[in-house]
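Shown next, in structure tokens, is the structure this report addresses.
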Amino acid sequence: MRLLRTIVLSLLTLAQLALCAEDYYKVLGLNKQATEKQIKSAYRQLSKRYHPDKNPNDPTAHDKFVQVSEAYEALSDAESRQIYDQYGHEGLQQHKQQRGGGGGGHHDPFDLFSRFFGGGGHFGNQPGQRRGHNVEIKVTVPLRDFYNGATTEFQWNKQEICEECEGTGAADRVVHACPVCNGRGVRTVRQQLAPGMITQVQMQCDACGGRGKSIKHRCPVCEGQRVVRKPTTVTLTVQRGMADGTRIAYENEADASPDYVAGDLIVTLVEKEPSLEGEDNPDRVDGVFFRRKGDDLFWREVLSLREALLGDWTRNLTHLDGHIVRLGRKRGEVVQPNHVETVPGEGMPKWHEDGDSVYHKTEFGNLYVEYVVVLPDQMDSGMEKELWALFQKWRAKKGVDLHKDSGRPEKPVMHDEHEHEHEHEEL
Ligand SMILES: [Zn+2]
Ligand SMILES: [Zn+2]
């Protein structure tokens, strides 16, 4: 009986252990082939999502936040990742103990967070916590990507917390209290205004610029600035049917600094000017001729005189995803110049927040095709004679009255005098 209890107990302990030691890749939502960049990006997203400041009513968020930091720390370092891949959690624990002299000392997860987003590892709701400016960026997107949806990348020059010195500005990452102001950032200066009248003025410490901190050796990478500006790649997801001018906010992804919490990076999608040539349009999709207005698309199609008058023609439009839209008329069907045909369902996909869900049915706007009829500049003289004769014959047969045919009114509408005046004017 006692033995059984022991077994049950140890089983429970094992289960608990297993709970604590969840697979680091799973924690970050990645698989073992994940790249360094993917690991970083997963940390950026998940650490923000589970940050306790953002989840004041969810007690499990803190644990998840710690797990995400642990997973990132284990996988972001090439050596520890290799050990983890080979020997798992226990191997990593042993490695840490050997190196750090016992006590699997984790970094403070808030420190890690502040290395990514600045500030004190918290969002700007602490008193005195400053927030950086938002950064606005325009990204041009071809119409094709608005139609099909796309995941692309863009680069911008972002200020980041120096990784070399972890935002301390010091080569040894050690920050001392400023010896001039004793870390207070201000100096008290006594001033004599008049004999016997002395006042004390507080001035910013010029030795440390008011920060109250000093370093012995400047970090060689940021030269003591604590931040560096470098090209940063951001992944951009354009959802099907998003409007031209859509604004997408990346929370706390603007310029980072140890002094403040990073503001938001705000990306505005702008439709790219179409171009026939170039790597932008490898399949040379007819897309360059589509024009978008909200959820609808516009297209201009050219017909010859014969086609407009006699029918019996077809056109295959290659749509923005490569599917074919067939236009055409049977013999005898006339198309008037500048006629606009509505093709329902061949416009843009209508954007919907559940657009990517399998349960969401995508609806489309209309395609409007405007027909332009082109008359020949000059006709072959033989053809002209035959056509002329044909029309003459047709008129004679129908007894066409030339005056009637001209479309002018039967009787003069205006009075004689007026007509007189009119003639005068024309002279
Ligand atoms: Zn100072
Ligand atoms: Zn540095």
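The values are calculated or read from the model by the stated rules, or taken from the named source; none is laboratory data. Just so it is clear, the structure is predicted and the values come from calculations on it, not from any experiment. Neighbour counts are summed over all protein chains in view; Cβ atoms, including those assigned to glycine, are modelled from backbone coordinates with ideal geometry.
Things to note:
- Scan of segment 159-186 for residues that are more than 9 Å from ligand 2 (Cβ to nearest atom), within 30 Å of residue 231 (Cα to Cα) and of a type in the set (Val, Ile, Thr), ordered by number: 174, 175
- Among (1) under 32 Å from the mean Cα position of the chain (by Cα); (2) at pLDDT below 90, the one test that residue 105 misses: (1)
- Restricting the search to strands (runs of 3 or more DSSP E) fully inside segment 317-381 and requiring at least 3 residues that are under 34 Å from the mean Cα position of the chain (by Cα) gives 324-329, 367-374.
- Residue 147 satisfies every condition listed in (1) of a type outside the set (D, E, K, R); (2) in contact (Cβ under 8 Å) with a residue 60 or more places away in the chain; (3) part of a strand (DSSP E or B) except (3).
- Count of segment 204-236 residues which are under 25 Å from residue 252 (Cβ atoms), part of a strand (DSSP E or B) and modelled with pLDDT under 90: 1
- Residues of segment 200-227 satisfying the condition of being more than 10 Å from ligand 2 (Cβ to nearest atom), among the hydrophobic types (A, V, I, L, M, F, W, C) and surrounded by fewer than 18 Cβ atoms within 10 Å (Cβ to Cβ): 201, 203, 207
- Yes/no for residue 243 being among the aliphatic types (A, V, I, L, M) and assigned to a strand (DSSP E or B): no
- Looking across segment 215-225 at every residue that is touching a residue at least 12 places away in the same chain (Cβ under 8 Å) and more than 16 Å from ligand 1 (Cβ to nearest atom), the one that is farthest from the chain's Cα centre (by Cα) is identified as 217.
- Filter result (without any contact (Cβ under 8 Å) to a residue 40 or more places away in the chain, surrounded by fewer than 18 Cβ atoms within 10 Å (Cβ to Cβ) and charged (D, E, K, R)) within segment 74-99: 77, 79, 90, 99
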